[in-house]
Amino acid sequence: MKKPVPVKDQQALVERLTQACGGGYSPAARRKYFLSGPQWAAAYQGQALFHAPTREPVGFEQVIRKYGEIGIGWWSTHDTDVIPTQDLGSERQWAAVERIGKALGENGLECSMVTTETFYHAVWAGGPAAESPQVREYCAARVGNTVELGHRLGARYAVYWPGSLGYYVQGAIDETRTLAWYADAINAACERDLEVSAKLGRPALKHCLEAKPFEPQAEILLPTSDAMLAFIGSGLLTHPEMVGLNPEYLHELMWGAAPRAALARALVAGKLWHFDINDGYRLKHDVDIGVGLVNPLDWLNVLVLLRSHGYNGPFNLDYKPPRTTSNFGVFAVSFPTAVDRFITLWEMAGEVISDPVIQEATEALKAGGADANSRDAESLAAANRELLTLHELIAHRLVQILLGLHRGRTYSI
Ligand code: 3MF
Ligand code: MG
Ligand code: MG
């Protein structure tokens, strides 16, 4: 058995084995991708309902510095990740904004996205669209304030995750009323944006709605990206053209969706503006695992879709380093490896798109079989029978590309 490893040697061991993995990119190469690191992801201490924290708190100065060293060029944040709730909307918040601006500037990062925490504080116990008109007024002020913070920090996106828009016990709320009240908050944010952006001479933000099917409420009023699309088109929003989506990969998987199909529906609606990237399991809770650790083949497919449709929004690393990762490991292992898996899968998606086998197979499928009578089912089926085998061949080719087998990697048996 191997000797127990002294604590003083553990970081060096982790570092050496991370190096031994290879396959990493330089910080300069990583910065070429529109990857954003959330403040909350790096600062997550491992706590949950059944879990005590396993890591020490880290502030934004440290997170931004570390992201800069790793080569993550953009940063995103909740208002309360960086400013105490009681200071929001008051003069006191500007000191934090100044410190953030300085930290971003010194480390060569930009703020890409801001979001309002409307789920954690006790004020949201009844949700962001509670019955109390005063709570709703407060909500409108908070999202409006986030818009202002975003403009001051140079952000281009605002995200809304209405996490607590739902209920545990039935009967107390009228869903149609609650949805209309929630729309009032989004409308207030858009109105405020029009004012602030005009005043500052900046483009308006892109306002992106993020759905999650369950957690933290038992029943959720806007559980999927499709529900969000319906909400945008419902007539409740005064500026639907300013509002799009921030799908999260795992949030779609959680309800059993094919994430790629959910993204395709957002794409055809012209609403895929922002994307939270992570991984996890179908029909389980929000485990927020790093991108590509669970479903690399599906991720490759997702990125083929996004690359081939010219998606140019941010990829926001909205995952949680596992509780077993130390503060040191968060920045030495968790973030760099997540970024590097993303880059590899993105480049591989390019390889899929230009792969001659896939290209020829796809073109042949689109040409269809010859000599069919298009009014006769039997003749059509017969004309395409052999061609359709290419579906399975394409799937095989994707796995070959993922595993490097297309480059001749075989095992000597
Ligand atoms: C929860 C989430 C959130 C949202 C964030 C952005 C903590 O499952 O995914 O991250 O992404 O609130 O608005
Ligand atoms: Mg998210
Ligand atoms: Mg999540």
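So, for region 165-216, what is the accessible surface per residue at a probe of 1.4 Å, expressed in square angstrom?
49 Å²
For LEU13, LEU306, give me the order by solvent-accessible area with a 1.4 Å probe, most accessible first, ignoring ligands, DNA and RNA. Working shown, then result.
Working: LEU13 55, LEU306 0 Å².
I get LEU13, LEU306, largest accessible area first.
Starting from the coordinates of the alpha-carbon atoms of region 272-413, obtain the Kirkwood hydrodynamic radius over all distinct pairs and give the value in Å to one decimal. Don't jump to the answer; show the numbers that get you there.
Working: mean 1/r = 0.0560 Å⁻¹.
With all distinct Cα pairs of region 272-413 included, I get 17.9 Å.
HIS239: accessible area at probe 1.4 Å, nearest 10 Å²?
40 Å²
If I take R0 = 41 Å and measure r between the Cβ atoms of GLU347 and ASP87 in this structure, what FRET efficiency does the formula 1/(1 + (r/R0)^6) give, to the nearest 0.05?
On the way: r = 43 Å, r/R0 = 1.05.
Computed FRET efficiency for GLU347 and ASP87: 0.45.
Below 8 Å between Cα atoms, with a sequence gap of 6+, how large is the relative contact order for the chain in percent? Please list the in-between numbers first.
Numbers: 653 pairs, mean separation 58.8, N = 413.
Answer for the chain is 14 percent.
State the extension gain, in nm to one decimal, for the chain segment bounded by LEU297 and GLU137, taking 0.36 nm per residue of separation less the distance between their alpha-carbons.
Working: separation 160, 0.36 × 160 = 57.60 nm, distance 4.53 nm.
Length gained, LEU297 through GLU137: 53.1 nm.
Name the residue, out of GLY166, GLY368, GLY24, whose mean-square fluctuation peaks in a Gaussian network model built on the chain with Cα pairs under 10 Å.
Greatest mean-square fluctuation among the candidates belongs to GLY368.
Fully extended, how many nm does the chain gain between SER412 and ASP371 (0.36 nm per residue separation, minus their Cα-Cα distance)? Intermediate values should be presented prior to the final figure.
Working: separation 41, 0.36 × 41 = 14.76 nm, distance 4.47 nm.
Length difference between fully extended and current span is 10.3 nm.
Report, for the chain, the % of DSSP beta bridges that are antiparallel, rounded to 5. Provide the component values of the computation, followed by the final result.
On the way: 4 of 28 bridges.
Around 15 percent of the beta bridges assigned by DSSP in the chain are antiparallel ones.
Divide by every residue of the chain the summed helix terms, -39500 (n - 2.57) for each DSSP H run of at least 4, and state the resulting mean residue ellipticity at 222 nm, rounded to the nearest 500 deg cm²/dmol.
Numbers: 16 runs with 192 residues, N = 413.
-14500 deg cm²/dmol, from helical runs alone.
On a C-alpha basis, how far is the centre of region 335-413 from the centre of region 297-311 in Å? Whole number, if you could?
Rounded to whole Å, the Cα centres lie 14 Å apart.
If I model a spin label as a point 7 Å beyond the Cα along the Cα-Cβ vector, how far apart are those points for GLU386 and GLN359 in nm?
Spacing of the two 7 Å Cα→Cβ label points: 2.4 nm.
From the P(r) of region 1-140, could you give the percentage of C-alpha pairs in the tail past 25 Å?
Details: 4456 of 9730 pairs.
Result for the distance tail: 46 percent.
Please report the antiparallel percentage of the DSSP beta bridges confined to region 35-144, to the nearest 5.
Values: 1 of 9 bridges.
Among the beta bridges of region 35-144, antiparallel pairing accounts for roughly 10 percent.
So which of LYS66/LYS212; LYS8/LYS284; LYS8/LYS212; LYS32/LYS206 end up more than 32 Å apart, counting from Cα to Cα? Numbers along the way, then the final one.
Values: LYS66/LYS212 29 Å; LYS8/LYS284 37 Å; LYS8/LYS212 41 Å; LYS32/LYS206 22 Å.
Pairs exceeding 32 Å: LYS8/LYS284; LYS8/LYS212.
Percentage of Cα-Cα pair distances in the chain greater than 34 Å, rounded to whole percent? Write down the numbers at each step before the final one.
On the way: 30879 of 85078 pairs.
In whole percent, the share of Cα-Cα pairs in the chain beyond 34 Å is 36.
Mind grabbing the accessible area of ASP226 for me, 1.4 Å probe, Å², rounded to tens?
Its accessible surface works out to 50 Å², give or take rounding.
Can you figure out the FRET efficiency of LEU393 with CYS21, using R₀ = 25 Å and their beta-carbon distance, to the nearest 0.05? Don't skip to the end; give the middle numbers.
Details: r = 32 Å, r/R0 = 1.27.
It comes to 0.20.
With a 1.4 Å probe and all protein chains kept in place, how much accessible area does MET348 have, in Å² rounded to the nearest 10?
Surface open to solvent at MET348 totals about 30 Å².
From a point 7 Å beyond the Cα of HIS121 in the direction of its Cβ, which residues of region 146-189 have a backbone N at a distance under 14 Å?
146-147
What FRET efficiency comes out for the pair GLU215/LEU194, r = Cβ-Cβ distance, R0 = 56 Å, nearest 0.05?
Details: r = 33 Å, r/R0 = 0.59.
E between GLU215 and LEU194, to the nearest 0.05, is 0.95.
Accessible area, 1.4 Å probe, largest first: how do LYS199, LYS32, LYS206 sort? Write out the running numbers ahead of the final one.
Working: LYS199 140, LYS32 165, LYS206 80 Å².
Result of the area sort, largest leading: LYS32, LYS199, LYS206.
Taking a point 7 angstrom from the Cα of GLU69 along the C-beta vector, which residues in region 328-353 have backbone N less than 13 Å away?
Under 13 Å, as judged by backbone N against the label point of GLU69, lie 328-336 of region 328-353.
The values are calculated or read from the model by the stated rules, or taken from the named source; none is laboratory data. Computed from a prediction, not measured in an experiment: that's the story for all the values here. Quick reminder, even Gly has a Cβ in these numbers, built from the backbone with ideal geometry, and neighbours come from all protein chains shown. Surface accessibility is based on the protein's heavy atoms, side chains included, excluding ligands, DNA and RNA. Shrake-Rupley method; radii C 1.70, N 1.55, O 1.52, S 1.80 Å.
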